[in-house]
1. Before we move on, is residue 311 closer than 29 Å to residue 182 by Cα, without any contact (Cβ under 8 Å) to a residue 60 or more places away in the chain and not hydrophobic (A, V, I, L, M, F, W, C)?
2. Within the range 165-186, how many residues are out of contact with any helix residue (DSSP H, G or I) (no Cβ under 9 Å at 6 or more places or on another chain) and without any contact (Cβ under 8 Å) to a residue 12 or more places away in the chain?
3. Using the structure shown, decide if residue 75 is in the same structural domain as residue 172 (by TED's automatic domain parsing) and not in a helix (DSSP H, G or I).
4. Test of understanding: among 71, 60, which residue is more than 13 Å from residue 9 (Cα to Cα), surrounded by fewer than 18 Cβ atoms within 10 Å (Cβ to Cβ) and either in contact with a Pro (Cβ under 8 Å, 6 or more places away or on another chain) or not aliphatic (A, V, I, L, M) (or both)?
5. If you check 197, 218, 240, which single one turns out to be closer than 29 Å to residue 71 by Cα, surrounded by 16 or more Cβ atoms within 10 Å (Cβ to Cβ) and at pLDDT 90 or above?
6. Within the range 43-86, can you find the residues that are more than 19 Å from residue 146 (Cα to Cα) and of a type in the set (Lys, Arg)?
7. For the range 27-35, state whether one or more residues are among the β-branched types (Val, Ile, Thr), touching a strand residue (DSSP E or B) at 6+ places or on another chain (Cβ under 6 Å), at pLDDT 95 or above and surrounded by fewer than 19 Cβ atoms within 10 Å (Cβ to Cβ).
Amino acid sequence: MLKNKALIVGIDAYSQAPLGGCVNDAEEIAKLLEENEDGSPNFSVKLKRNVQTKAELLEDLHSLFKEGESDIALFYFSGHGTDEMAGQIVTPDFNGYDMGISMNDILRLANTSKSRNKIIILDCCYSGKLGDFSAIDSSDAIIGKGVTILTASNRDEVAIEDGITGHGVFTELLIQGLKGGAADVSGNVTPASLYSFVDQSLGVWEQRPLFKTNITGFLPIRTVEAKVSKKVLRKLHQYFAEATSEFQLDPSFEFTNTPEVTHEYKEPFAKEENVGKFKELQLYESVGLIEPVGEEHMYFAAMNSKSCRLTPLGLHYWKLSRDKRF
């Protein structure tokens with residue numbers, strides 16, 4: 001079985017214009033990628049703090065993308081970026097126009113890697129130049145098969161540090177997303193869900209992240225506790241035989257509807273089997289997979305013998321459940 005590997009780099013120690021949060025960025029991203037939320041191993045991480053030279057970082061990039069194979073080879077960089085020479089990530093030994101490593105060189109390494117999925121995440125100014133056709137008149141800008149790019153800003157924008165959190169604005173959102181903010185119902189965090197989470201969190205007047213990819217399907221880069229267990233999700237098609245079906249409820253589904261409870265109750269009284277089903281239906285409703293019909297809350301749908309139905313998101317998971325896709 002192939003494994004995941006990640007090169008995580010944060011550079012604060014520039015002789016000119018030193019930064020304050022990039023090493024913090026790298027350390028937190030490395031910590032989150034090493035393990036899934038349940039403690040199971042995830043990425044084999046090489047964390048590099050304050051890399052001093054272009055040659056050292058190039059060697060690390062070659063090791064990541066060119067040595068061996070993996071399911072995912074991920075490169076994360078937090079530091080200075082420049083728009084010189086079609087975009088470069090800056091190393092502390094910059095000299096003249098040679099500011100560090102060309103973004104096109106990074107993309108070229110990823111494009112030719114034997115790893116199944118190559119992910120490049122840049123939190124630096126002008127990071128949107130990575131994979132930008134307009135940045136250079138060359139096929140070097142073509143995004144190869146299996147490559148995904150996630151950048152903190154557009155090709156002509158700076159990336160900002162947040163003085164409160166001690167992280168870059170972009171990376172702080174990545175951290176929140178990896179902790180679960182970007183997870184789907186099954187608990188999977190993918191590059192696409194991370195981008196969506198970051199994109200929605202930033203206003204139109206703030207730096208705009210970019211997402212570019214050439215893949216046929218995403219592997220999760222981290223898993224967290226599922227909002228609904230796969231065991232329960234697999235039952236979704238059992239409750240709804242067809243996509244347009246409604247599941248009929250009645251008072252017997254509500255566990256408080258019993259003479260032993262001192263409030264209004266009605267027949268049919270709570271039945272253990274239906275109460276168990278209703279708990280699962282309420283779990284579906286809590287994550288937006290189903291909705292009550294004719295009532296605002298599931299409780300009243302049950303007590304008033306109404307029904308519930310799939311939402312558009314629920315229809316997606318219903319199809320996965322029916323087709324045994326998880």
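The values are calculated or read from the model by the stated rules, or taken from the named source; none is laboratory data. All of these numbers come straight from a predicted model, not from anything done at the bench. Because the Cβ atoms are built from the backbone with ideal geometry, glycine has one as well, and the counts that use them run over all protein chains shown.
1. Against the criterion (closer than 29 Å to residue 182 by Cα, without any contact (Cβ under 8 Å) to a residue 60 or more places away in the chain and not hydrophobic (A, V, I, L, M, F, W, C)), residue 311 qualifies.
2. Result for the range 165-186: 0.
3. On the way: in the same structural domain as residue 172 (by TED's automatic domain parsing): yes; not in a helix (DSSP H, G or I): yes.
Here the answer is yes, as residue 75 does meet what is asked.
4. Numbers: 60 fails: more than 13 Å from residue 9 (Cα to Cα).
Step by step, each of 71, 60 is checked, and only 71 is more than 13 Å from residue 9 (Cα to Cα), surrounded by fewer than 18 Cβ atoms within 10 Å (Cβ to Cβ) and either in contact with a Pro (Cβ under 8 Å, 6 or more places away or on another chain) or not aliphatic (A, V, I, L, M) (or both).
5. Working: 218 fails: at pLDDT 90 or above; 240 fails: closer than 29 Å to residue 71 by Cα.
The unique qualifying residue is 197.
6. Initially, the range 43-86 is screened for residues more than 19 Å from residue 146 (Cα to Cα), giving 44-60, 77-86.
Of everything in the range 43-86, those that are more than 19 Å from residue 146 (Cα to Cα) and of a type in the set (Lys, Arg) turn out to be 46, 48, 49, 54.
7. If we filter the range 27-35 for residues that are among the β-branched types (Val, Ile, Thr), which is where we start, we get 29.
With the extra rule that they be touching a strand residue (DSSP E or B) at 6+ places or on another chain (Cβ under 6 Å), the set shrinks to 29.
Then keep just the ones that are at pLDDT 95 or above; that gives 29.
So of that shortlist, the ones also surrounded by fewer than 19 Cβ atoms within 10 Å (Cβ to Cβ) come out as none.
No, that holds for no residue.
Here is a yes/no grid of residues against (1) in contact with a strand residue (DSSP E or B) (Cβ under 6 Å, 6 or more places away or on another chain); (2) part of a helix (DSSP H, G or I):
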residue	(1), (2)
242	no, no
247	yes, no
260	no, no
264	no, no
278	no, yes
291	no, no
299	no, yes
324	no, no
